[in-house]
Amino acid sequence: MIPELNREYPELDDQKAFEQMVSLTVGQMKPIDGLLRRGQHAKATGCVTAEFRIVEDVPSDLRHGIFREHGRTFIAIVRFSNSQGTFEKDSVGTARGLAIKLLDVVGTRAIADDDTTQDFLMIDHPVFPFPNPEAYVETMSRKNIPLVGDLVAGAHMALLAPKELEIVKAIKGQHTVSPLTRKYWSGAPFWLGHAVGGEGHAVKYSAVPRRADPTALPAPAAGLTDDYLSEALARDLREQEAVFDFKVQLQVDPVAMPVEDVSIEWYEDNRQPIHSTPITVATVRIKPQEVDGAGEFAKQCEAMSFNPWHALAEHRPMGGMNRLRRIVYQASTGKRSIS
């Protein structure tokens, strides 16, 4: 099969793998501090309010969905997190998450009977370790073996999936001083175009901080507290705002920039022969505020569902990993709602 530009291939999906991943995710969701937490990104670094403003000069072919009205400002809720399903120390190397929820977004939904929000979920690494749902399920099923799961999964990747192991090591080797100075990527692709049929693009999103990440990052042995990222977020936002440029990157080559393999980076740098320079379409402005991890707003945020399928049809998720996320997130949210 020769892939085409701006297309996805749902016929590649293995429904048994999807069902297995749902079972694995729901099965490992356990109460932490008396509450049933998310299957992934369980530990919040902090939840804040923000303004998501569309820039004045969005290119004409990108003016779809929320990007139609230049200059419009959406009220947003932003959740920073650690990617694991357990409450680990902030010094443990892992992906850091940025979830943006825009409120009062009216239009045709990507899935029927959805709410009126538009969510963007990102991590601070440009790719996911696993190319597709089947590879993800294969590794996670080994990881869930009691007592020896991590060893078995690691041996499997070392022998049969060295590229996946390399990405996992790169993610785990990342350490930062603040969630406000990280760059975040969507990892998986999304549609940006007409709600039904018509023209459009396969795209990926990124959020680039205007405040640079310090070059000297803390090491895990530097005497950091268990929640030092939450403390940094609260400290930084007491006195100064944080701004991210929200960017769209277009798929320009269906082989070098695949939709169905989320372990392949879509290069941004023009030093690469095939690349696509991200275009700024919005800004995320987080004004100074008090961040209280035990406060009422934090509790409300933790009860929310952040899901890439909370989206307008013009921004619908694409690719196998996103199709897997649709049913996994629904199952995770469903279990939390009845707990």
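The residues on offer are MET1, MET21, and the sole one that is out of contact with any Lys or Arg (no Cβ under 9 Å at 6 or more places or on another chain), without any contact (Cβ under 8 Å) to a residue 12 or more places away in the chain, not in a strand (DSSP E or B) and not small (Gly, Ala, Ser) is MET1.
In the range 86-95, how many residues are in contact (Cβ under 8 Å) with a residue 60 or more places away in the chain, surrounded by fewer than 21 Cβ atoms within 10 Å (Cβ to Cβ) and farther than 20 Å from PRO126 by Cα? Number of matching residues: 2. In the range 1-53, the qualifying residues are those that are touching a Gly at 6+ places or on another chain (Cβ under 6 Å) and closer than 30 Å to GLU241 by Cα, and the one that is surrounded by the most Cβ atoms within 10 Å (Cβ to Cβ) is HIS41. Contact annotation: residue pairs with Cβ atoms under 6 Å, 6 or more positions apart or on different chains, pairing a residue in the range 226-250 that is in contact (Cβ under 8 Å) with a residue 40 or more places away in the chain with a partner that is assigned to a helix (DSSP H, G or I) and crowded, with 19+ Cβ neighbours inside 10 Å, are LEU229/PRO179; LEU233/PRO179; ASP236/LEU180; ALA242/LEU180. Just to be sure before I move on: is LEU98 under 11 Å from LEU312 (Cβ atoms), buried (at least 21 other Cβ atoms within 10 Å of the Cβ) and modelled with pLDDT of 90 or more in the structure I sent? So LEU98 fails the test.
Among the conditions (1) modelled with pLDDT of 95 or more; (2) in a loop (DSSP other than H, G, I, E, B), the only one that ALA212 does not satisfy is (1). I'd like the residue in the range 285-306 that is among the aliphatic types (A, V, I, L, M) and surrounded by 16 or more Cβ atoms within 10 Å (Cβ to Cβ) and, out of all such residues, is nearest to ASP119 (Cα to Cα). That would be MET304. Of all residues in the range 269-314, which are among the aliphatic types (A, V, I, L, M) and within 22 Å of PHE74 (Cβ to Cβ)? Answer for the range 269-314, where residues must be among the aliphatic types (A, V, I, L, M) and within 22 Å of PHE74 (Cβ to Cβ): ILE279, VAL281, ALA282, VAL284, ILE286, VAL291, ALA298, ALA303, MET304, ALA311, LEU312, ALA313.
A quick yes/no check of all residues on (1) at pLDDT below 95; (2) closer than 23 Å to LEU324 by Cα; (3) in a strand (DSSP E or B):
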{"position": "HIS125", "(1), (2), (3)": "no, yes, no"}
{"position": "THR139", "(1), (2), (3)": "yes, yes, no"}
{"position": "VAL152", "(1), (2), (3)": "yes, no, no"}
{"position": "GLU164", "(1), (2), (3)": "yes, yes, no"}
{"position": "ILE171", "(1), (2), (3)": "yes, yes, no"}
{"position": "GLN174", "(1), (2), (3)": "yes, no, no"}
{"position": "VAL196", "(1), (2), (3)": "yes, yes, no"}
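Considering the range 139-183, the residues that are among the polar types (S, T, N, Q) and within 23 Å of VAL208 (Cα to Cα) include one that is surrounded by the most Cβ atoms within 10 Å (Cβ to Cβ), namely SER178.
The values are calculated or read from the model by the stated rules, or taken from the named source; none is laboratory data. Keep in mind it's a predicted model, so treat the numbers as computed, not measured. When we count neighbours, we look across all protein chains shown, and the Cβ atoms used for this are built from the backbone with ideal geometry, even at glycine.
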